[in-house]
Amino acid sequence: MRRPKLDRVANINDLREIARRRTPRIFFDYVDGGSYSEATMRANVTDFDKWGFAPRFLVDVSGRSLNSTILGRPTKLPFMIAPTGLAGMLWPSGEVAGARAANTAGIPLALSTVSICGMEEVAAATSAGFHFQFAMTRDRGLAEAMLERARACGAEAVHFTVDSLIPAMRERDQRNGLRVMTRPSSRTIMGILAKPGWAMTHMPNGKLPRFGNLPPESGRDIIEQTAAFGRVMEPNITWEHLTWLRRTWKGKLVFKGTMTIGDAERAVEEGCDAVVVTNHGGRQLDGNLSSIAVLPRIAEAVGDRTEIIFDSGIRRGTQIAKALALGAHSVMIGRAWLYGLAAGGEAGVALAIRLLADELSITLGSLGLNSIDELRRLGPSLIEPV
């Protein structure tokens, strides 16, 4: 795939526009869209504007550092790459490209169960920390085999995603046929052929790729596998499943999907090492509160007992700073890295990370701070509702 010029990219939205032009609509909309009217997805971004900084001045900030830790591992930045499905449909071996960019930046990557690249090749591409997002299956034997495979790959943490159990109504996907497709439609094929560079690199044999973490018998390509995966997924996950997972998985366990104090407290009681404050990027329940709206009270309730990871709506370094000031220990980026990936592969992901890091460093200095620890400690006095 011919690499685009990224030298004029100034922010994440610029990467999004390049991604939109280069990617077949069916896959771009899958990444870019949310549920129903997408009100929650938009609120995840705009609700950051309900908080304003009150900076301090006349402080020497020449020694600024973005070094941090995530789940006990030292990192060069206070954010990581979130687990996102179908990343490999945006760029060839997309998850490996993301892992390499994350490794260079010194941050962890969490891999989705429904990734195109298998966990073995992704884990081999990074030494900066590899996490695995685990999907519970009806068959406990299959679930145990998936966890054992993650352990053998060196996964330092498992992310148990609990907020996407019921298939969401994403109207863009419905219009594009992605929700009901069993074989590629003529409309889908024409949309793919309209992006010949994408088609030649992703479908060299005229066939769609497969999910790398699912067994061979699950289907010939991602469409067949998606239908099969829906049948083997556990449709009714309860706290009992988390108890089982905590007993089965001996490494770090992350509870991904809390929006209430009660769920966060129960996750801590069950032995989770971190909770992710997220509404799944506005992709599940439209009308949900934004993630940033609920972060302060969840952090106040459990922040002294577990790590708080924030997710949803991050497009700017200022937003990362606000999340950290409001109680998050670290942040995950989802669409931001996917836009970079679709825009330019590994170089695009590296650029997305660098844009966010540069903006965060400028914000840190403008607040009169020299470190991420200072931001977490003094942040509540430097940010106010507006």
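None of the figures in this text is laboratory data; all of them are computed from the coordinates on show. Keep in mind that what you see is a predicted model, and the values were worked out from it rather than measured. Because the Cβ atoms are built from the backbone with ideal geometry, glycine has one as well, and the counts that use them run over all protein chains shown.
The alpha-carbon of K5 sits under 30 angstrom from the alpha-carbons of these lysines, leaving out residues fewer than 8 places away in its chain: K76, K195, K207.
In summary, the aspartates and glutamates within cross-link reach of K250, defined as a Cα separation below 14 angstrom excluding same-chain residues under 8 places away, comprise E144, E148, E156, E270, D273. In this simple spin-label approximation, S371 and D358 carry label points 7 Å from Cα along the Cα→Cβ vector, and these lie 2.6 nm apart. Of all DSSP beta bridges confined to the chain, the antiparallel ones make up roughly 20%. With both labels modelled 7 Å from their Cα along Cα-to-Cβ, the A54 to E121 distance reads 5.3 nm.
Under 19 Å from a label point set 7 Å out along the Cα-to-Cβ vector of E224, the amide N atoms of region 97-130 belong to 114-118.
Helical runs assigned H by DSSP (4 residues or longer) give the chain a calculated mean residue ellipticity at 222 nm of -13000 deg cm²/dmol, each run adding -39500 (n - 2.57) before division by the residue total. Cα to Cα, under 25 Å, and not fewer than 8 places away if on the same chain: which lysines meet these conditions relative to K50? Here the lysines satisfying the reach criterion relative to K50 are K256, K322. Look at the Cα gyration tensor of region 8-92: its axes a ≥ b ≥ c give a/c of at least 1.5 with a/b over b/c, and that counts as prolate. Summing charges over neighbours of I12, with a neighbour being any other residue whose Cβ is under 9 Å away from its Cβ, gives +3 when K and R count +1 and D and E count -1. Of all the options A350, A321, A54, the one that moves most in a Gaussian network model of the chain with Cα springs shorter than 10 angstrom is A54.
Computed over the alpha carbons of the chain, Rg followed by Dmax gives 20.0, 64 Å.
Here the Gaussian network model covers the chain, with springs between Cα atoms less than 10 Å apart; of I292, I309, I18, I18 fluctuates the most.
Angle of helix 140-152 to the longest C-alpha principal axis of the chain, folded into 0 to 90 degrees and rounded to 10: 60°.
Build a GNM of the chain with springs between Cα atoms under 10 Å apart, and of F79, F310, F57 the one that fluctuates most is F57.
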